[in-house]
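Handing you a structure now.
Every number in this text was worked out from the coordinates using simple rules, so none of it is lab data. All values reported here derive from a predicted model rather than from experimental measurement. Quick reminder, even Gly has a Cβ in these numbers, built from the backbone with ideal geometry, and neighbours come from all protein chains shown.
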Amino acid sequence: MLLEVQNVTMSFGGLKALNSVSLGVERGIIKGLIGPNGSGKTTLFNVISGFYAPVQGEVFFAGKAIAGKNPYRITRAGIARTFQGTRVFEKRSILDNILVACYCHRRNLGADLFFPRQEKQDRKRAEEILEMIGLLDLRDEKVANIPIGIRHRLEIGRVLATDPKLILLDEPSAGLNQTEVSQEIILMRQIRDRGITLFIVEHNMKVIMDVCHSISVLDMGMKIAEGSPQEVRINPKVIESYLGKGE
């Protein structure tokens, strides 16, 4: 198991945002996390990525305990994430945004002062990532001029620049049209095919059911179901709390 969440509880004042949640993400798959608004999905991502330290419980990544560690240490360990709203450098070019991620991921940020070749290597890697995500022709375009669909792809490119083993995607299809959603699905599969594991929070059920190998479901901070897309689709608790009872 690449990622293991064991009995994680997260409280804000008297509110338990997560209540003894346990789940796992196997290496090389696309795992989904769904649930109603306020069910604790983003809170769980914040715990995994080091933005929150859980009140109790543990998180293991590749067999090592990471709960409570600083986000930059978790990123260097191999976990990268996106956020619900894209967080990019508006006044910089698309290429510069990828290069920043390359720079920040290195342990010795002063390496360029003594090894100028490093900058050339970073640029080559950044251009390879842009080609993969279909943005190489736009590398010199300022981010302020690009639409939301391209920003989503750029943010995925930035996390790829950190050389992750696991990517947490928080609502990757939010604000996208159907064509862009289809492109996003293709990109997620391409990333998985490169050996990178994906763990996604998503409200678009087409995306979840099309790409995920397994799905965990949260409601009111507790895990209420887990299984394959087919199993989750017919689970009575999931239908009642999230998917709707239908006719």
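Just want the answer: with Cβ charges of +1 for Lys and Arg and -1 for Asp and Glu, which residue in GLY78, PRO36, PRO172 is farthest toward the dipole's positive end in the chain?
Value computed over the given set: GLY78.
Taking a cut-off of 26 Å between Cα atoms, list the lysines near LYS41, but don't count ones fewer than 8 places away on the same chain.
LYS16, LYS31, LYS64, LYS69, LYS165, LYS206, LYS223, LYS237, LYS245
Provide the convex hull volume over Cα atoms per residue for the chain, in Å³. All intermediate terms of the calculation are to be shown ahead of the outcome.
Values: hull volume 32.8 nm³, N = 247.
Convex hull volume per residue, Cα atoms: 133 Å³.
Another question, if that's okay. Which of the trypsin sites (Lys or Arg not before Pro) found in the range 2-59 are in a DSSP loop and have at most 15 neighbouring Cβ atoms, other than their own, within 10 Å?
ARG27
Related question: Rounding to the nearest 20 debye, state how big the charge dipole of the chain is about its Cα centre with +1 on each Lys and Arg Cβ and -1 on each Asp and Glu Cβ. Spell out each step's value before the answer.
Working: 33 positive and 28 negative charges, 150 e Å.
Dipole size: approximately 720 debye.
Give the order of LYS69, LYS206, LYS64 when sorted by the count of other beta carbons within 10 angstrom, beginning with the fewest.
Ordered by Cβ neighbours within 10 Å, fewest first: LYS64, LYS206, LYS69.
Measuring from a point 7 Å past the Cα of GLU128 along Cα-to-C-beta, which residues in the range 148-185 have an amide N at less than 17 Å?
In the range 148-185, the label zone of GLU128 (backbone N under 17 Å from the point 7 Å along Cα→Cβ) covers 157-165.
Please find the FRET efficiency linking SER93 to GLU240, where r is the Cβ-Cβ separation and R0 is fixed at 45 Å, and quote it to the nearest 0.05.
Computed FRET efficiency for SER93 and GLU240: 0.40.
Taking springs between alpha-carbon atoms closer than 10 angstrom, which of GLY13, GLY24, GLY57 fluctuates most in the Gaussian network model of the chain?
Maximum fluctuation in the GNM of the chain, among the listed residues, is at GLY13.
I want the antiparallel fraction of DSSP beta bridges within the chain, as a percent rounded to 5.
Values: 20 of 36 bridges.
In the chain, DSSP labels about 55 percent of beta bridges as antiparallel.
Once you have the alpha carbon radius of gyration of the range 182-247, what is it after dividing by 2.2 N^0.38 Å, with N set to its residue count? Each step should come with its number before you reach the end.
Values: Rg = 13.0 Å, N = 66, 2.2 N^0.38 = 10.8 Å.
Its radius of gyration relative to the 2.2 N^0.38 Å reference: 1.20.
Charges on Cβ only, +1 for Lys and Arg, -1 for Asp and Glu, centred on the Cα centroid of the chain; of MET222, ILE208, VAL55, which one is farthest towards the dipole's positive end?
My answer, from the dipole projection, is VAL55.
OK, next. Across bins of 5 angstrom width beginning at 0, how are the C-alpha pair distances of the range 36-107 distributed, in whole percent?
3, 14, 21, 21, 17, 13, 8, 3, 0
Using helices alone, I'd like the mean residue ellipticity at 222 nm for the chain: each DSSP H run of four-plus residues gives -39500 (n - 2.57), total over residue count, nearest 500. Let's see the in-between values first.
Values: 9 runs with 88 residues, N = 247.
Using -39500 (n - 2.57) per qualifying helix, the result is -10500 deg cm²/dmol.
Quick check: the distance between the Cα centres of the range 1-65 and the range 77-101, to the nearest angstrom?
Using only Cα atoms, the two centres lie 23 Å from each other.
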